[in-house]
Amino acid sequence: MSDLTDRIPSMAAAQQVSITDANGAYQKPDHLDFSWAPPLYERDINTGRRLRIVCVGAGFSGLCAAVHFQDHLANYELQIYERADDVGGVWHQNRYPGIACDVPSHSYQLSFCEKTDWSAYYAPGAEIHGYLSTVAERYGLRKFIKLQHTVTNARWDEERGKWFVTVSSGGVSFEDECDFVLFATGLLSKPIWPDNIPGRESFSGTMVHTGDWRAAGLPDDPEFWADKRVGVIGMGASGVQIVPTLQKKAQSVTNFGRSKLWISGGWGSKMFEKLHKHKKEHGTNYFFTEEDIAGFRSDEAYRKFRCQIEEDLGSTHELSFRGHPLQDIFATKFTETMKHKVARKPEVADALLPDFPVGCRRLSPGPGYLEALCEDNCSLVTDKIEAFTPAGIRTADGTEHELDIIICATGFDVTLIPAFPIIGRGGVNIQELWARESRTYLGMFSPEMPNAFNVLTTQAAAQSGSLLVVLEQQCSYITKVISKCQRDGYASFAPKQQAVDDFLKYTDAYFGRTVLTTNCKSWYKNGEAGEATIRAIWPGSGSHAYVAFQNPRWEDFDWDRLKEQEHTMSWLGNGCAAYLDGADVHLAMRGFYRPETHYIY
């Protein structure tokens with residue numbers, strides 16, 4: 001007892017309670033006053049306090065996060081707001097002809113919801129949207145989602161340690177109070193129209209953006225295009241997909257573009273070539289046979305196939321480094337391939353072949369694009385667009401291009417500036433702050449945004465490897481942070497400024513040795529050329545990001561405690577333990593013998 005009274009002298013001094021008899025033997029006292037001790041936190045050790053989480057967006061990121069929360073959190077509420085009329089994000093909004101993923105379908109899916117019966121090696125957009133609907137149904141996520149609800153503002157209240165999120169639906173606005181907020185709106189949610197070209201309103205035909213295709217109400221019937229003269233502005237990811245699709249359907253297709261670009265084979269091209277080796281014709285996609293799909297039902301065969309794709313996707317990471325031998329190898333290969341495909345119109349190769357290194361901007365797989373440009377009903381116009389006219393488009397050389405439909409494949413706003421005001425700590429408007437530069441820790445956290453997470457937006461996309469592997473690791477990381485706050489009694493957290501500064505120093509040092517900062521314009525650099533800073537993609541490979549996100553560095557964050565849990569041992573709760581099924585003590589061994597048991601982080 002002497003050790004106890006040494007540590008807490010006030011106990012013996014205040015109570016003067018004898019705990020031994022005349023012979024020195026222990027004597028149980030009738031009563032001890034433990035008013036000196038901190039109150040127990042009335043929660044079991046696993047559960048933590050009740051939390052409310054708001055997520056903005058129900059695409060890949062929002063759905064993935066929701067599944068992670070279900071598996072690894074307890075005692076929480078989740079509300080997902082989605083502005084569209086269905087889940088799916090970019091794969092719901094983008095419905096243009098020919099839309100597909102340029103990453104192999106078996107790699108473009110969530111590891112916990114694997115689909116082995118994809119129709120094609122590069123899955124069409126409608127099938128990916130269907131897959132995301134399946135994820136929502138299989139994991140019971142729709143109960144968390146409110147569709148056609150647009151978030152218009154988010155505001156942090158420092159005194160209350162809460163976010164207040166303003167939501168609009170059906171002309172009515174309301175405010176949702178929450179402990180944590182996830183911004184899962186993605187990079188491809190704000191279409192950019194060519195507003196720098198005068199006369200847009202004068203065009204008498206139909207003008208549509210690939211990123212908002214449904215708004216134009218164009219019919220799905222292929223015959224609709226048969227007599228149409230179509231102009232496509234842009235030759236980015238959507239432009240090189242829609243041109244070959246419409247070239248086969250329309251009376252004529254004119255592609256307006258001035259960019260230089262490397263047209264590569266599709267991502268995962270080694271496996272693509274392997275699949276085609278027994279076919280007489282080599283198409284721009286590979287459609288799986290019933291025999292192929294049956295083979296994927298074998299776990300061993302499927303794992304081998306998937307691992308080969310992942311190895312292929314990650315094999316070109318070294319291509320991004322300046323002076324690497326792969327630069328010359330790939331430049332020679334792509335040049336020869338591009339010239340071969342446009343041999344009928346060699347001027348097309350002259351117009352497209354870049355003078356910047358391979359990998360300076362994102363490679364364009366563009367299956368069928370070059371071949372389409374060589375067809376008689378398709379042409380490439382590299383003259384600057386001077387104006388829209390009632391009849392179509394006038395270029396700088398004075399030519400009037402008469403068109404029935406103009407398709408703006410002009411991409412999205414990837415400046416990283418939020419689509420709505422986010423008012424963070426100290427009244428800072430993140431829209432204004434990030435207009436200068438987005439400064440985050442690991443792309444997910446900002447000092448001005450306590451209890452907030454950016455998912456697959458700033459510094460998330462990897463140069464090589466699977467994007468969704470990175471997404472899953474981000475969601476796992478975020479779930480661990482929320483769990484720590486919930487169980488350890490923290491009202492809020494934010495990254496330390498030093499951690500942000502050091503991460504960005506690392507980022508700049510890394511990209512400085514890559515070809516990404518050489519003389520080309522790319523969305524990586526917000527459309528700038530040369531030595532611009534890069535804040536849109538991860539500074540490393542996909543595998544590098546996977547490892548970086550595995551174990552949070554708690555020392556890189558500042559933590560503010562709840563008043564009711566100021567005692568540092570409050571995380572021990574009331575001495576009880578419980579698992580997600582609500583059972584209590586003596587479950588350690590049961591969990592040991594049941595490896596499938598889901599533990600809380």
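The values are calculated or read from the model by the stated rules, or taken from the named source; none is laboratory data. Keep in mind that this is a model prediction, so the values were computed, not measured. Methodologically, a virtual Cβ is constructed for each residue, glycine included, from the backbone with ideal geometry; neighbour enumeration extends over all protein chains shown.
The table below lists the values:
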quantity: Pair list, Cβ under 7 Å, 6 or more apart: region 315-335 residue more than 12 Å from residue 464 (Cβ to Cβ), other residue among the small types (Gly, Ala, Ser); calculated: 334/264
quantity: Close pairs from region 158-176: first in contact (Cβ under 8 Å) with a residue 60 or more places away in the chain, partner part of a loop (DSSP other than H, G, I, E, B) and surrounded by 10 or more Cβ atoms within 10 Å (Cβ to Cβ), Cβ under 6 Å, at least 6 apart; calculated: 167/149
quantity: Filter pass, residue 248 being of a type outside the set (A, V, I, L, M), farther than 30 Å from residue 478 by Cβ and either modelled with pLDDT of 95 or more or surrounded by fewer than 21 Cβ atoms within 10 Å (Cβ to Cβ) (or both); calculated: yes
quantity: All positions within region 305-333 that are more than 29 Å from the chain's Cα centre (by Cα) and hydrophobic (A, V, I, L, M, F, W, C); calculated: 329, 331
quantity: Long-range neighbours under 9 Å by Cβ, at least six apart or interchain, first residue under 13 Å from residue 569 (Cα atoms) within region 479-491, second part of a helix (DSSP H, G or I) and of a type outside the set (Ser, Thr, Tyr); calculated: 487/571; 488/565; 488/571; 489/564; 489/565; 489/571; 490/484; 490/565
quantity: So residue 296, is it touching a residue at least 12 places away in the same chain (Cβ under 8 Å) and farther than 23 Å from residue 469 by Cα; calculated: no
quantity: Residues satisfying the stated conditions in region 42-78, i.e. aliphatic (A, V, I, L, M) and buried (at least 23 other Cβ atoms within 10 Å of the Cβ); calculated: 53, 54, 56, 58, 63, 65, 66
quantity: Candidate set from region 447-488 (those that are assigned to a helix (DSSP H, G or I) and aliphatic (A, V, I, L, M)); member that is nearest to the chain's Cα centre (by Cα); calculated: 471
quantity: Filter result for residue 152 (polar (S, T, N, Q), assigned to a strand (DSSP E or B), within 30 Å of residue 470 (Cβ to Cβ) and under 22 Å from the mean Cα position of the chain (by Cα)); calculated: yes
quantity: Condition met for residue 88 (modelled with pLDDT of 95 or more and outside any loop (DSSP other than H, G, I, E, B)); calculated: no
quantity: Within region 375-412, considering residues that are among the small types (Gly, Ala, Ser) and in contact (Cβ under 8 Å) with a residue 40 or more places away in the chain, the one surrounded by the most Cβ atoms within 10 Å (Cβ to Cβ); calculated: 409
quantity: Residue within region 288-306 that is in contact with a helix residue (DSSP H, G or I) (Cβ under 8 Å, 6 or more places away or on another chain), within 29 Å of residue 236 (Cβ to Cβ) and assigned to a helix (DSSP H, G or I) present; calculated: no
quantity: Any hit, region 422-429, residues being in contact (Cβ under 8 Å) with a residue 60 or more places away in the chain, in contact with a Pro (Cβ under 7 Å, 6 or more places away or on another chain) and surrounded by fewer than 21 Cβ atoms within 10 Å (Cβ to Cβ); calculated: yes
quantity: Among the residues listed as 491, 545, 509, 529, the single one being farther than 22 Å from residue 474 by Cβ, in the same structural domain as residue 77 (by TED's automatic domain parsing) and in a helix (DSSP H, G or I); calculated: 509
quantity: Within region 341-374, considering residues that are within 29 Å of residue 514 (Cα to Cα) and acidic (Asp, Glu), the one surrounded by the fewest Cβ atoms within 10 Å (Cβ to Cβ); calculated: 355
quantity: Any hit, region 106-124, residues being within 24 Å of residue 314 (Cα to Cα) and in a helix (DSSP H, G or I); calculated: no
quantity: Qualifying residue in region 15-25 (condition: assigned to a loop (DSSP other than H, G, I, E, B), within 17 Å of residue 189 (Cβ to Cβ) and either in the same structural domain as residue 478 (by TED's automatic domain parsing) or at pLDDT 60 or above (or both)); calculated: no
quantity: Within region 170-223, considering residues that are of a type in the set (D, E, K, R) and in a strand (DSSP E or B), the one farthest from residue 452 (Cα to Cα); calculated: 175
quantity: Among the residues listed as 229, 155, the single one being in the same structural domain as residue 526 (by TED's automatic domain parsing), on the phi < 0 side of the Ramachandran plot and modelled with pLDDT of 95 or more; calculated: 155
quantity: Which listed residue is over 30 Å from residue 386 (Cα atoms), modelled with pLDDT of 90 or more and either surrounded by fewer than 19 Cβ atoms within 10 Å (Cβ to Cβ) or in contact with an Asp or Glu (Cβ under 8 Å, 6 or more places away or on another chain) (or both), from 322, 306; calculated: 322
